[in-house]
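Okay, so here's the structure we're looking at.
The values are calculated or read from the model by the stated rules, or taken from the named source; none is laboratory data. Here the structure is a predicted model, which is why all the values come from computation and not from measurement. When we count neighbours, we look across all protein chains shown, and the Cβ atoms used for this are built from the backbone with ideal geometry, even at glycine.
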Amino acid sequence: MNRPGPELLFENNAGRLTADSAGFLRTTWSSQPRTLADTQALFNAMLRGLEQRRWSRILVNQAQMTPFTPAEQQWVAQNWLARAVTEGGYRFGAVVVSPHVLVRLATAFVTTNVQGLPLTYRTFDTEAQATAWLAQQPG
């Protein structure tokens, strides 16, 4: 049985956002140079996708991503995370990590700022591992 392909929801220099037919959003970060506005637009598209579909899960592939800037880190940690949880119902994030240590460190800053929020992040080396874990989480 064939599953339908992912539906493209948003794309810019920061990356692309698709809706996976398994009931989660899939964000693939680009290696292209990006601005804070590009990053904010991609994250805001994730929030809209969660709200519109009433989903709670996102697979985030950072394998090709360049590190978050300090401004991006602060905006995500201080602005977007709380909104994604309270407005979008975000509960589970499966992150396919980059092989680059600076990307991992910048992401760790963001993911450690979820204290007090009902949000669980797990990191994986492959999309297959991340997808398998997301499939076990309530949608």
### Task
Output the number of residues of region 74-91 satisfying the condition of being in contact with a helix residue (DSSP H, G or I) (Cβ under 7 Å, 6 or more places away or on another chain) and modelled with pLDDT of 90 or more.
10
### Task
Exactly one condition in (1) touching a strand residue (DSSP E or B) at 6+ places or on another chain (Cβ under 7 Å); (2) closer than 18 Å to S98 by Cβ; (3) surrounded by 19 or more Cβ atoms within 10 Å (Cβ to Cβ) is not met by W55; state its number.
(2)
#### Entry: Tally, over region 2-48, of residues that are hydrophobic (A, V, I, L, M, F, W, C), touching a residue at least 12 places away in the same chain (Cβ under 8 Å) and more than 25 Å from A128 (Cα to Cα)
2
## Note on the structure
Filter region 121-139 for residues that are exposed (fewer than 15 other Cβ atoms within 10 Å of the Cβ) and within 25 Å of A82 (Cβ to Cβ); the one that is modelled with the lowest pLDDT is G139
### Query
Does A106 meet the test of being more than 13 Å from F24 (Cβ to Cβ), assigned to a helix (DSSP H, G or I) and either at pLDDT below 85 or of a type in the set (F, W, Y) (or both)?
yes
### Task
Please name all residue pairs, on different chains or six or more residues apart, with Cβ atoms under 7 Å, provided the first residue is in region 80-107 and is without any contact (Cβ under 8 Å) to a residue 24 or more places away in the chain and the second residue is surrounded by 19 or more Cβ atoms within 10 Å (Cβ to Cβ) and of a type in the set (S, T, Y).
R104/S98
### Message
Among the residues of region 16-25, are any crowded, with 17+ Cβ neighbours inside 10 Å, outside any strand (DSSP E or B), of a type in the set (D, E) and under 15 Å from the mean Cα position of the chain (by Cα)?
### Response
no
### Message
Every residue in region 29-66 that is assigned to a helix (DSSP H, G or I) and among the hydrophobic types (A, V, I, L, M, F, W, C), please.
### Response
L36, A37, A41, L42, F43, A45, M46, L47, L50
### Task
Within region 109-139, count every residue that is outside any helix (DSSP H, G or I) and among the charged types (D, E, K, R).
2
